[in-house]
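What follows is a short report on a single structure.
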Amino acid sequence: MTRIRTISAAVLFLSLAGTGVASGQGKGDKQPKAPKEQKAAPTPHAEKPHPAPHVAKVHVAKPAAVHHVKATPVHVTKPVKVVHIQKVKPAPAAHLVKRELVVARIDQQKRLKQEQQQYNQYRKYLDQQNKLAVQYQNKVLKENRKAQLRFLKQYYSRLAQQQRQMLAARDYSRDPYITSPYVYQYAVAGSPRYTNQYGADVLKQAVNYGYQEGYQAGQADKQDGWAANYSSSYAYRDANYGYTGNYVSQSDYNYYFRQGFQKGYSDGYYARSQYGTNSLTGSQSILGTVLSTILGLTNLR
């Protein structure tokens, strides 16, 4: 009985020891599960939201968009267009000048021939006028118009000097009138004419010379007690003083000379300065406003 109790106690002890071992093993099994929790503590896995690089890429993409927006101001190179338009504006003017020069070159031969013919015809005309001048001088002499006779002799002297100057050789190929484009328009008896600066200067000279000669002719008729009549004066009929056969036609020069002569004759005969001025040295000059009105030049530029 005592033995049975001893065995029972031993069995009980063994079973308890087994339970303790089993429970110790169970506890030991749970500790390896801790790694499982480390798996669950996915600190490395939590770095999955390391989309920091990914986010960085997206964030970098935004500057690209901003860069694209910056491109718009650069693309708004409308100022460049404006500058381009400003550069284009002078182009038409330059083109027109070029065109004018081309037209002038094409027309050079025609102008050169015209100038030569004009010059030769005028020299022949002057030879004929010398005979008429002598006839008119004899007429004034018979009428005993001493002041007018003095004026005539002075006028003939100036014409003779002019003829001597015309004998000088002229190089047409180097004359700037031949190559210069027409920049002025004027009208004679309603008919339009075109010329350049050289021709315009000759026309101005025609009016000025006409005024000066007319002033002296008017003074002479007044001194002789002769009735005012500018058209009876030989200088008015001739109307060639100052003309050398260049740049404008003889008929155009005569027209403008006579326009100035009428104004000068009126001022000289009536001793006034309505259309011009008379200096103390005895030289006369037509007023600029009167000159512009007579010429009626239109600038084509």
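The values are calculated or read from the model by the stated rules, or taken from the named source; none is laboratory data. Being a predicted model, the structure only gives us computed values, none of them experimental. Don't worry about glycine lacking a Cβ; one is built from the backbone with ideal geometry, like all the others, and counts go over all protein chains shown. Accessible surface areas use protein heavy atoms only, side chains included; no ligands, DNA or RNA. Shrake-Rupley method; radii C 1.70, N 1.55, O 1.52, S 1.80 Å.
Quick notes on this one:
- Charge tally around Glu143: other residues with Cβ under 12 Å, Lys/Arg +1 each, Asp/Glu -1 each, net +2.
- Note on surface exposure: Arg237, Arg158 rank Arg237, Arg158 by accessible area, highest first, 1.4 Å probe.
- Probe 1.4 Å, accessible area per residue of the range 128-218, Å²: 53
- Dipole magnitude (debye, nearest 20) for the range 190-301, charges at Cβ of Lys, Arg, Asp, Glu: 280
- Of Thr179, Thr281, Thr289, Thr195, the order by accessible heavy-atom surface (1.4 Å probe, DNA, RNA and ligands excluded), from most exposed downward, is Thr281, Thr289, Thr179, Thr195.
- Sequence-distant residues sharing a close amide H with Arg193 (under 5 Å, placed H): Tyr186, Ala187, Val188
- Computed with every protein chain present, the accessible area of Ser283 is close to 60 Å² [probe 1.4 Å].
- For Gln128, net neighbour charge (Lys/Arg +1, Asp/Glu -1) across residues whose Cβ lies under 14 Å away: +2
- For Tyr119, net neighbour charge (Lys/Arg +1, Asp/Glu -1) across residues whose Cβ lies under 14 Å away: +1
- Share of carbon and sulfur in the accessible area of the range 182-301 stands at 48%, probe radius 1.4 Å.
- Surface calculation, 1.4 Å probe, protein heavy atoms: Arg164 sits at approximately 150 Å² accessible.
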